[in-house]
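Peer 1: To start, I am sharing the structure in question, which I have written as structure tokens.
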Amino acid sequence: MIGTRKVAAGAPGAPFSRGVARGALALCALLALSPAAPAGTQTLPDYRDDRSTPEAVIESLYNAINRHEFLRAWSYFRDEPDRPEFESFAKGYADTSRVRLKLGMAEAEGAAGSTYYRVPAVVEATRGGTAAVFSGCYELRLLQPGAQAEPPFQPMGIVRGNLRQSKASFEEGQGDCSVPNAPAKP
């Protein structure tokens, strides 16, 4: 004959208490009644705002674009002559449903209290179900933090982007920073 023992509810080895069972049933019912996400709905990527490296700045730019946070995306561009106008920048990405990014190795060059970075980039932008690939280069600038003595602090930011439509696939595409100081193209 098998013996039985009483175990207090909530103790290790105890069966579910009635309260836990009711809670589990309520959760299952809630999940069953919740509307499912429509087919093709894209889940937003996790929020990313990182200005610690040139690659992180560009990745944060495209994170904001994927999340349709165009003001945040635009904020990664420094307030310099090649900065795009916000309205045209936002309008240019308004119908973009998804972006993928591939970056090459950043190259750095110092100049009078600033460090400039050039980063080869390949971007795949999807609009209306059609993907287009762009390749080129981003130039970024970091004013040396120790040399900044008055607010506001100016973090690393994009000075310009020069991307052109490519015939290569995203996987085969290569960024190119061999054309210096080309006009800005976000």
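Peer 1: Hand me the chymotrypsin sites (Phe, Trp or Tyr not before Pro) from segment 61-168 located in a DSSP loop with no more than 10 other Cβ atoms within 10 Å, in residue order please.
Peer 2: 153
Peer 1: A further question on this structure: If I model a spin label as a point 7 Å beyond the Cα along the Cα-Cβ vector, how far apart are those points for residue 100 and residue 50 in nm?
Peer 2: Placing both labels 7 Å beyond Cα along the Cβ direction yields 2.0 nm.
Peer 1: Separate question: In 5 Å bins starting at 0, how do the alpha-carbon pair distances of segment 60-186 split up by percent?
Peer 2: Going out from 0 Å in 5 Å bins, segment 60-186 shows 2, 11, 19, 23, 21, 13, 7, 3, 1, 0 percent.
Peer 1: Another question, then. Quickly work out the residue 174-to-residue 111 label distance, labels modelled 7 Å from Cα along the C-beta direction, and quote it in nm with one decimal.
Peer 2: 2.5
Peer 1: Now a separate question. Can you give me the solvent accessible area of residue 127 with a 1.4 Å probe, rounded to the nearest 10 Å²?
Peer 2: In the full protein context, residue 127 sits at about 110 Å².
Peer 1: Can you tell me the length gained on complete extension of the stretch residue 165 to residue 59, counting 0.36 nm per residue apart and subtracting the Cα distance?
Peer 2: Stretched fully, the residue 165-residue 59 segment lengthens by 36.2 nm.
Peer 1: How much accessible surface does residue 69 have with a 1.4 Å probe, in Å² rounded to 10?
Peer 2: Rounded to the nearest 10, that gives 50 Å².
Peer 1: Per residue of segment 88-94, in order, report the coupling 6.51 cos²θ - 1.76 cosθ + 1.60 (Karplus, θ = phi - 60°) as ³J(HN,Hα) in whole Hz, putting x for Gly and Pro.
Peer 2: Once θ is set to phi - 60°, the couplings for segment 88-94 become 6, 4, 4, 5, x, 10, 4 Hz.
Peer 1: Hey, if we sort 167, 102 by accessible area with the 1.4 Å probe, largest down, what's the order?
Peer 2: Ranking 167, 102 by accessible area, largest first, yields 167, 102.
Peer 1: How far apart, in nm, are two points set 7 Å out from the Cα along the Cα-to-Cβ line at residue 153 and at residue 88?
Peer 2: 3.3
Peer 1: Just add up the charged neighbours of residue 129: K/R +1, D/E -1, any other residue whose Cβ is under 15 Å from the Cβ of residue 129.
Peer 2: +1
Peer 1: Give the accessible area for residue 43 in Å² (nearest 10); use a 1.4 Å probe, count only protein heavy atoms, and leave out ligands, DNA and RNA.
Peer 2: Approximately 120 Å² of residue 43 is accessible to the 1.4 Å probe.
Peer 1: Which GluC sites (Glu not before Pro) does segment 113-186 hold that lie in a coil by DSSP with at most 12 other beta carbons within 10 Å?
Peer 2: Answer in residue order: 171, 172.
Peer 1: Sorted by accessible area (1.4 Å probe), largest first, how do 164, 67 line up?
Peer 2: Numbers: 164 115, 67 55 Å².
Descending accessible area places them as 164, 67.
The values are calculated or read from the model by the stated rules, or taken from the named source; none is laboratory data. Quick caveat: nothing in here was measured; it's all calculated off a predicted structure. Neighbour counts are summed over all protein chains in view; Cβ atoms, including those assigned to glycine, are modelled from backbone coordinates with ideal geometry. Each accessible area value is taken on the protein alone, full model and side chains, heavy atoms only, with ligands, DNA and RNA left out. Shrake-Rupley method; radii C 1.70, N 1.55, O 1.52, S 1.80 Å.
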